[in-house]
Amino acid sequence: MSTDTLPGALTGSAEARIAALEELLGDPTEPANPTGYGALLAADRTAVPFAAGEELLDRVGLNAEYVPVRLGGRLDSLETLVRVMRPVFRRDVGLGMGYGMHTFMAASDVWLAGTEEQQRWLADRLLGGAKAAIAQHQTAHSNDYVRSGVTAQTQGETFLLSGKKPMINNLDRAAALVLFCETDRTGGSRSQSVLLLDPTRLPAGKATIGPRHLAVGLRGCRWTGVEFLRCPVPESALLGPVGGGVTLALRSFQISRTVIAAAALAAVDTSLRTAVQFDHDRGAELAESSWLDPVRTDRAMTGAFVNLLLFDSLSVAATRALHLLPEQTSVYSAALKYLMPRVLNDTMHDLSIVLGARVYTKDGNFGIFQKHVRDVPVLSLGHAGTVACQATVIPQLPRLAARSWLVEPEAPAELFKLGGELPPLRNEALSLAGGRDSLSGSLVAIAAQIGGRTPVERALRTLAGQLTEELADLRQRVLALEPAERTSPSGAACFALVDRYALLLAAAAVLGVWWHNRDGADPFLADPSWAAAALHRLARRLGTQVADLPPECDTRLLHEVQLRFSDRRSYDLYNTPLPG
């Protein structure tokens, strides 16, 4: 079955589907729009799912975007999935997560580890419009992958499930459940297994879905729990091998971390647009008021724009790496998700400079800003949160320093080509610790090739050289760790090293995107101003002493902010047309 046969389903190329979805969502500021901010914020106030938004996504068959083409869906690349999901996240993070990403997270585990029969079973349900839920390790255990609130005891050809999972989105309306459970009470990396279940067929009295839980953020999501009382499920429900749960989680996190972080950028795009709208609306007041500082507000808006571009550069590289460099993506996905709260949350709080007291508004066209301030931080919590991302990278630092940094060849140009053709996903190639990093190789290689025809280009060349020196310094710091720390890195120093490494990966991605998109297809991307501003910001985060940028950088960036607002185009690298 394919949802392309449904009336109103998204069809055609990725660009056509994105444009159609944007058009169907419509102008969010239009009061009569059923999927506009008015209806969205009304649903949020009452903590119910955004019904009009969900109905629209049902109508266009969005679930097909989560199903591989070979199984009848439209999932041909993860970059396309991110781009299709950005209009949804730009409108409502709760809709993006509650309707979409939790279903995709469950599905991606099945695409990674399921049998052909399991994959087709789930594909048929998703293409029919059903939702899937995922229950990973117990929330109370934070980032401990080897503990679970549910045990599975073998009894003949069945598993007997016992225990609780307190927070599962969409379980009360899901047609499929991916359940992580403990099959070995001795603990260790082989203690977890994964089951694929139909929650509607669990025996009555043996599996009880609890009441709904409300949260501060993502208020429209349907969080419920489940308690199992020696609930029998068939052995055929096993997803992957017994004891394969931890490995499956760590591999699937590389996909889900990347896709969610990259899609979530669109919410901050909306926040910047809201701030620019407010700045335009108060233009007359600004001209007459001595207490309002136009220079400060301009800097806040251009700073937010630069943050979006630098984060999107890393998201593009990390997303495309899943296809092109799957052996290396464990560090890229972790770095992207690790930087998300630092870059996106900080950006939204910086924009409060522009909005002032309006940041607390909960309705009207400015109410969406306050909603995104509550929703976006939630995405950096839980099973794939900041500490989990750091824990992914820390053990790999010594090997990267010894074998990869400053010696690895640069990444292929295709890694940075926006929307360029990608090979099929090779899920089996996803590595838990590849020990290679060609993205940082691009920092070194491109820094050595930058010319100096203009003041901005010369500033970019200097910044790239300084960041290359920072990479060399990071390498020396890692190599200088005590022998015990090199074999099992731990302690506060290692967390600081991860922080520096993530910022340097972002710098490498910025340079790569600028360097390999200088063909003039997008004159703004070809301009070194944005790349220089992004590297300047990253260098300052690293504590590097940097000179002021040429004034034309700020002028060019502010012009682009205002131009994209007037032309109704997105603030990400893709510069996508928006409705309105």
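The values are calculated or read from the model by the stated rules, or taken from the named source; none is laboratory data. Small disclaimer: the values here were computed from a predicted structure and weren't measured. Quick reminder, even Gly has a Cβ in these numbers, built from the backbone with ideal geometry, and neighbours come from all protein chains shown. The area values use the complete protein model at the heavy-atom level, side chains included, leaving out ligands, DNA and RNA. Shrake-Rupley method; radii C 1.70, N 1.55, O 1.52, S 1.80 Å.
At-a-glance table
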| item | result |
| --- | --- |
| Matching residues in segment 130-146 - criterion: being surrounded by fewer than 20 Cβ atoms within 10 Å (Cβ to Cβ) and either under 15 Å from VAL242 (Cα atoms) or at pLDDT 95 or above (or both) | ALA130, VAL146 |
| Residue in segment 113-124 that is closer than 20 Å to THR576 by Cα and either touching a residue at least 24 places away in the same chain (Cβ under 8 Å) or not β-branched (Val, Ile, Thr) (or both) present | no |
| Residue match in segment 301-318 (condition: open to solvent by 10 Å² or more (accessible area, probe 1.4 Å) and within 30 Å of VAL216 (Cα to Cα)) | yes |
| Helices (runs of 4 or more DSSP H) lying entirely in segment 520-580 (those with 1 or more residues that are touching a residue at least 60 places away in the same chain (Cβ under 8 Å) and open to solvent by 20 Å² or more (accessible area, probe 1.4 Å)) | 528-541, 551-567 |
| Test: ARG461 is free of Cβ contacts under 8 Å to residues at least 60 places away in the same chain, closer than 21 Å to GLU79 by Cα and of a type in the set (Lys, Arg) | no |
| When residues of segment 66-97 are limited to those that are over 22 Å from VAL268 (Cβ atoms) and assigned to a helix (DSSP H, G or I), the one most open to solvent (accessible area, probe 1.4 Å) | ARG70 |
| Residues that are buried (at least 18 other Cβ atoms within 10 Å of the Cβ) and modelled with pLDDT of 80 or more, drawn from segment 1-11 | LEU10 |
| Test result for ASP281, among the charged types (D, E, K, R) and open to solvent by less than 60 Å² (accessible area, probe 1.4 Å) | no |
| Positions within segment 358-373 being of a type in the set (Gly, Ala, Ser) and open to solvent by less than 30 Å² (accessible area, probe 1.4 Å), in sequence order | GLY367 |
| Qualifying positions in segment 498-519 - touching a Lys or Arg at 6+ places or on another chain (Cβ under 9 Å) and open to solvent by 10 Å² or more (accessible area, probe 1.4 Å) | ASP499, ARG500, HIS516, ASN517 |
| Complete set of residues in segment 205-227 that are of a type in the set (Gly, Ala, Ser), modelled with pLDDT of 90 or more and open to solvent by 20 Å² or more (accessible area, probe 1.4 Å) | GLY205, ALA207, GLY210 |
| Members of segment 184-199 found to be of a type in the set (Val, Ile, Thr) and at pLDDT below 95, listed by number | THR186 |
| Breaking point among (1) farther than 20 Å from ALA335 by Cα; (2) out of contact with any Pro (no Cβ under 6 Å at 6 or more places or on another chain); (3) surrounded by 14 or more Cβ atoms within 10 Å (Cβ to Cβ), for LEU439 | (1) |
| Failed item in (1) assigned to a helix (DSSP H, G or I); (2) at pLDDT 90 or above; (3) among the charged types (D, E, K, R); (4) open to solvent by 20 Å² or more (accessible area, probe 1.4 Å), with GLU421 passing the rest | (1) |
| Segment 12-29 - residue that is touching a residue at least 60 places away in the same chain (Cβ under 8 Å) and over 16 Å from ARG569 (Cα atoms) and, of those, least open to solvent (accessible area, probe 1.4 Å) | ARG17 |
| Selected residue (criterion: farthest from LEU308 (Cα to Cα)) from residues of segment 456-478 that are open to solvent by less than 60 Å² (accessible area, probe 1.4 Å) and touching a Pro at 6+ places or on another chain (Cβ under 9 Å) | VAL478 |
